[in-house]
Amino acid sequence: MDRQIKVLYREIQRPQQIWLWVLILLEAAYMWYWFIQQIVFDVPIGNNPASDVVIIILWVLFGVTLPVLMLGVLKLIIEVRSDGIYVRLFPFQIHYKQFLFKEISNYETLTYSPLKRFGGWGIRFNSKGETAYNLNGKKGVELRLKYNKVVIGTQKPDEFKQAIDSVHKAE
């Protein structure tokens, strides 16, 4: 059924924060160093070194899987379709979260601080019951639903809003 609904706007965001890249790559580099020292060269690290099995598991998780997921696979997909707005944070969401136009009472573009308003990036919730879908930047579109607000971060707020406007004008 999703394939029959026309996509009017599509945006794919990937993490672009330098500090995130540095943090993940430093952590991965340390895991690789730890793995090579203890597994390859058989030189344990520390006074009470972890077992080889633990080192291998941690290396796979934090030296390989986390960097690949966060820097290679992670993306926020935003679509405006004829019936609503669809958002998906891949690989954490298998299915799109949909916000149907019949459930949206109002919407507007805004500039906001993801850190102050939601405590960071990703799929975030705050104490006011608001939800955010954002990977980078500080621009977005705020959707007012019946019981809460949703902020969708975008690098192209005007194009995103124009796509929503075009559906409302057609109705």
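The values are calculated or read from the model by the stated rules, or taken from the named source; none is laboratory data. The shown structure was predicted, so the numbers you read here are calculated from the model rather than taken from an experiment. Here Cβ is always computed from backbone atoms with ideal geometry, including for glycine, and neighbour counts include all displayed protein chains.
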Which condition from (1) closer than 30 Å to Glu108 by Cα; (2) modelled with pLDDT of 85 or more is the one that Trp34 breaks? (1)
Output for Cβ contacts, cut-off 9 Å, separation at least six or different chains, first residue outside any strand (DSSP E or B) in the stretch 4-17, second surrounded by 13 or more Cβ atoms within 10 Å (Cβ to Cβ) and among the small types (Gly, Ala, Ser), reads Ile5/Ser82; Ile5/Gly84; Lys6/Ser82; Gln16/Gly137
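Yes/no per residue for (1) of a type in the set (Gly, Ala, Ser); (2) over 17 Å from Gln155 (Cβ atoms); (3) at pLDDT below 90:
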| position | (1), (2), (3) |
| --- | --- |
| Ile24 | no, yes, yes |
| Ala28 | yes, yes, no |
| Asp52 | no, yes, no |
| Leu58 | no, yes, no |
| Pro91 | no, yes, yes |
| Asn106 | no, yes, no |
| Pro114 | no, no, no |
May I ask you to verify whether Gly129 is over 17 Å from the mean Cα position of the chain (by Cα), under 23 Å from Leu8 (Cα atoms) and of a type in the set (Gly, Ala, Ser)? no
I'm told Tyr107 meets every condition in (1) surrounded by fewer than 16 Cβ atoms within 10 Å (Cβ to Cβ); (2) more than 30 Å from Thr65 (Cα to Cα) except one. Can you identify the failing condition by its number? (1)
Among the candidates Leu100, Leu66, Leu89, which residue alone is of a type in the set (A, V, I, L, M, F, W, C) and more than 17 Å from the chain's Cα centre (by Cα)? Leu100
Right, Leu61: in a helix (DSSP H, G or I) and touching a residue at least 40 places away in the same chain (Cβ under 8 Å) or not? no
Working carefully through the options Phe99, Phe160, find the one that is aromatic (Phe, Trp, Tyr), modelled with pLDDT of 90 or more and part of a helix (DSSP H, G or I). Phe160
Specify which of the listed residues (Tyr133, Tyr86, Tyr107) is of a type in the set (Ser, Thr, Tyr), in contact with an Asp or Glu (Cβ under 6 Å, 6 or more places away or on another chain) and either touching a residue at least 60 places away in the same chain (Cβ under 8 Å) or not in a loop (DSSP other than H, G, I, E, B) (or both). Tyr86
